[in-house]
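Asks: One structure follows; several queries about it will come next.
The values are calculated or read from the model by the stated rules, or taken from the named source; none is laboratory data. Since we're looking at a predicted model, the values are computed, not measured. All Cβ positions, even for glycine, are placed from backbone atoms using ideal geometry, and neighbour counts span all protein chains on display.
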Amino acid sequence: MIIDRVGYIQSLSNQLKKNPAVVILGARQIGKTTLAKQYAKQTGSPYLYLDLENPEDINKLGDDPVSFLDFHKDKLVIIDEVQTIPKIYNSLRPIIDKDKRNGRFILLGSASPLLIKGVSESLAGRISYLDLSPFKLEEINPPFDMNHHWLKGGFPIPFLAEDIQDSHDWISNFVRSYVERDLNILFDRNFNPVLSRRLWAMLANLHGSTLNLNNLARSLGVTAPVVNTYIDYLEGAFVIQRLLPWHINTNKRLVKSPKIYIRDSGILHFFHRIKSRESLIENPIVGASWEGYVIEQILYHKPSGLGLYFYRTHNGAEIDLLLVDGIKPVTAIEIKLSNSPKVSRGFHSACDDLGVERKVVITPEADGYPLSHGTEVTNLRAFLDEFN
């Protein structure tokens, strides 16, 4: 099997055994519908699929979705793009309260519930969430490898495309659809498509850098609050990520602005017109691209209780990625593209500031070995395997 999504199938199955409804969240076009239907077919039970962007399915629900859904109470009901009609959550509440059987509904969403008014409150205590990523590194099998994954990203169609130009053509249409249509549909707002596109491209150029809203606002000719709003919704659509700074239990002067990342490396490389492994290595963005790729893979693989941050003082002490358990920093990570890395004093100084338990340097392919100051070198796959 080239791509193995068995882990997600098992997670979905486990959650449905404990909850009446499970919401699968993730960016558009990453396989949420495929996953839900695959699960339904494996169970062998009858199921009903509704797409809330399909007028025919919306008409089926009509003015009385409660009665319609209650009529199909003996089926597993899959409702796609659920964020487009938020009131559907209110319709599900009395149905679930009347019949609390587990495993009745799978809801598919392409937008963070936190940004959709009323959603998080409607089914509180009645649903669980499953975050679905694009293809992640542990799911990749031969003939594909990590370099292919890093270059093309994890969205299924561009990842599997034989020609890199086909990948970029798909991503071009994906980005265009997001800025011209999808963001407005996902969040029921009137975004300016030109501004959305320009901002997304500018964030790609800032990938791995600290975010300065005022600079972005001046470049775009809008106010900082407007830029922040657009960033909120791009993040809520799972296409960018803000990595927050850690600033607890220290009296140092710290950088407190978040760092910004394009979540999918294939989309990042599209904006930089990178079409080969060679052009990636020669591009000035390569170090930041590798850093973002590592952070994103760790985000997908880590246990739910671990928080991800970075740490940087105004004196130059810095940790690329800090894993935090509750309020306790437990692992400091330096991300290096070289397989023979050298670690800066600033990293060790930052580790001393925080008293972390473990110091790790993550490279693409280096075999594990120790460095000075209790630091260990490993490769990305080996580090991710520790979470399994």
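Asks: In the set Ile157, Ile164, which member is in contact with a Lys or Arg (Cβ under 6 Å, 6 or more places away or on another chain), surrounded by fewer than 21 Cβ atoms within 10 Å (Cβ to Cβ) and more than 30 Å from Phe68 (Cβ to Cβ)?
Replies: So the residue among Ile157, Ile164 that is in contact with a Lys or Arg (Cβ under 6 Å, 6 or more places away or on another chain), surrounded by fewer than 21 Cβ atoms within 10 Å (Cβ to Cβ) and more than 30 Å from Phe68 (Cβ to Cβ) is Ile164.
Asks: For region 334-349, does any single residue satisfy the condition of being in contact with a Gly (Cβ under 9 Å, 6 or more places away or on another chain), hydroxyl-bearing (Ser, Thr, Tyr) and either closer than 24 Å to Ile262 by Cα or surrounded by fewer than 18 Cβ atoms within 10 Å (Cβ to Cβ) (or both)?
Replies: Among the residues of region 334-349, at least one is in contact with a Gly (Cβ under 9 Å, 6 or more places away or on another chain), hydroxyl-bearing (Ser, Thr, Tyr) and either closer than 24 Å to Ile262 by Cα or surrounded by fewer than 18 Cβ atoms within 10 Å (Cβ to Cβ) (or both), which makes the answer yes.
Asks: Under 7 Å between Cβ atoms, at least 6 apart or on separate chains: pull out the pairs that start in region 220-243 with a residue that is of a type in the set (Asp, Glu) and end on any residue that is outside any loop (DSSP other than H, G, I, E, B) and at pLDDT 95 or above.
Replies: Glu235/Gln241; Glu235/Arg242
Asks: Can you name every residue in region 94-112 that is surrounded by 17 or more Cβ atoms within 10 Å (Cβ to Cβ) and of a type outside the set (Ser, Thr, Tyr)?
Replies: Ile95, Ile96, Gly103, Arg104, Phe105, Ile106, Leu107, Leu108, Gly109, Ala111 - these are the residues of region 94-112 that are surrounded by 17 or more Cβ atoms within 10 Å (Cβ to Cβ) and of a type outside the set (Ser, Thr, Tyr).
Asks: Separate question: Search region 289-329 for residues being surrounded by fewer than 15 Cβ atoms within 10 Å (Cβ to Cβ) and touching a residue at least 24 places away in the same chain (Cβ under 8 Å), and hand back the single one that is nearest to Ile262 (Cα to Cα).
Replies: Going through the qualifying residues, I end up with Pro303.
Residue-wise test of (1) buried (at least 20 other Cβ atoms within 10 Å of the Cβ); (2) over 23 Å from Gly26 (Cα atoms); (3) among the polar types (S, T, N, Q).
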{"site": "Tyr178", "(1), (2), (3)": "yes, no, no"}
{"site": "Asn184", "(1), (2), (3)": "no, no, yes"}
{"site": "Asp188", "(1), (2), (3)": "no, no, no"}
{"site": "Arg197", "(1), (2), (3)": "no, no, no"}
{"site": "Gly208", "(1), (2), (3)": "yes, no, no"}
{"site": "Ser219", "(1), (2), (3)": "no, yes, yes"}
{"site": "Gly236", "(1), (2), (3)": "yes, no, no"}
{"site": "Arg253", "(1), (2), (3)": "no, yes, no"}
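Asks: Within region 95-110, can you find the residues that are under 19 Å from Lys60 (Cα atoms) and out of contact with any strand residue (DSSP E or B) (no Cβ under 8 Å at 6 or more places or on another chain)?
Replies: Ile95 - this is the single residue of region 95-110 that is under 19 Å from Lys60 (Cα atoms) and out of contact with any strand residue (DSSP E or B) (no Cβ under 8 Å at 6 or more places or on another chain).
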